[in-house]
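Just so it is clear, none of the values below were taken in a lab; they were calculated from the coordinates. A quick note: this is a predicted structure, and the numbers were derived from the prediction, not measured. All Cβ positions, glycine included, derive from the backbone under ideal geometry; neighbour counts span all protein chains shown.
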Amino acid sequence: MSLPIYLIGARGCGKTTVGHLLSKTLGYAFHDTDHHLQTSLQCTIAQIVAEEGWESFRMKERDSLIAVTADSSVVATGGGIILRPENCQFMRDNGRVFWLSVEPDELAKRLDAEPENEQRPTLTGRPITEEMSDILKVRSPLYSSTAHHIIDATLPPQEVVDHILQVLSQQRAG
Ligand SMILES: Nc1ncnc2c1ncn2[C@@H]1O[C@H](COP(=O)(O)OP(=O)(O)O)[C@@H](O)[C@H]1O
Ligand SMILES: O=C(O)C1=C[C@@H](OP(=O)(O)O)[C@@H](O)[C@H](O)C1
Ligand SMILES: [Mg+2]
């Protein structure tokens, strides 16, 4: 059995895309906290936020993080998972945490191309480039202090996966 692998980082950095690919390569299960939350509650994130607010979403997200955590699994988290210190501690204690780091302009480009509004209601009400820049100013230190490893996720998804695999094999060897 191997410890869970957690992927953290801003909206659009590729946690879901890369996590899925990585899990297939490793033969691990794949979980996504947003997907778990939406299927178990049978509603979208946009609906939860509109009806109950962000704080309620953050509580449900924590429940999903705990529910999906298992050995031999890759867990793609939501971009705001690090806003709760107990989530950061939980991920560091229970597995290996990788921050998929991408600059705000590239994030905005990806999110503009595929907004998935039902999963990603606006966080600030600002245009997407400014929103990602503002959000990263606050969150980058949290991603950094939570991650065991930082990965350049501007590369194509398969290359991001290869880098994560390299880190994991170095770790196993060392
Ligand atoms: N490494 C990458 N290079 C280019 N586009 C990417 C990359 N990873 C993901 N994408 C694209 O960016 C968008 C957001 O990806 P997603 O995996 O949903 O990110 P997250 O789960 O971190 O919000 C999708 O349209 C996806 O196809
Ligand atoms: O950055 C955030 O606060 C959020 C990111 C989203 O997930 P992705 O990072 O997978 O887009 C989703 O959890 C929710 O809309 C909140
Ligand atoms: Mg995602």
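Here are the numbers for the structure shown:
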{"item": "Residue that is outside any loop (DSSP other than H, G, I, E, B), more than 15 Å from ligand 1 (Cβ to nearest atom) and not small (Gly, Ala, Ser), where the choices are Lys137, Lys109", "result": "Lys137"}
{"item": "All positions within the stretch 143-159 that are within 16 Å of ligand 3 (Cβ to nearest atom) and either part of a loop (DSSP other than H, G, I, E, B) or more than 16 Å from Ile82 (Cβ to Cβ) (or both)", "result": "Ala153, Pro157"}
{"item": "Candidate set: the stretch 70-93, residues that are more than 16 Å from Leu142 (Cβ to Cβ) and in contact with a Phe, Trp or Tyr (Cβ under 8 Å, 6 or more places away or on another chain); chosen: the one farthest from ligand 3 (Cβ to nearest atom)", "result": "Ser72"}
{"item": "The stretch 50-85 - residue that is of a type in the set (A, V, I, L, M) and away from ligand 1 (no atom under 16 Å from the Cβ) and, of those, nearest to Thr146 (Cα to Cα)", "result": "Ile66"}
{"item": "Residues of the stretch 1-25 classified as in contact with a Lys or Arg (Cβ under 8 Å, 6 or more places away or on another chain) and among the aliphatic types (A, V, I, L, M), total", "result": "5"}
{"item": "Residues of the stretch 21-45 that turn out to be within 30 Å of Gly125 (Cα to Cα) and either within 13 Å of ligand 3 (Cβ to nearest atom) or buried (at least 17 other Cβ atoms within 10 Å of the Cβ) (or both), as a count", "result": "10"}
{"item": "Failed criterion for Asp93 (all others in (1) farther than 18 Å from Asn117 by Cβ; (2) within 13 Å of ligand 2 (Cβ to nearest atom) hold)", "result": "(2)"}
{"item": "Close pairs (6 angstrom Cβ cut-off, 6 or more residues apart or separate chains): free of Cβ contacts under 8 Å to residues at least 60 places away in the same chain and closer than 20 Å to Asn87 by Cβ in the stretch 12-40, assigned to a strand (DSSP E or B) and near ligand 1 (Cβ under 10 Å from one of its atoms) anywhere", "result": "Gly19/Leu7; Gly19/Ala76; Asp32/Ala76"}
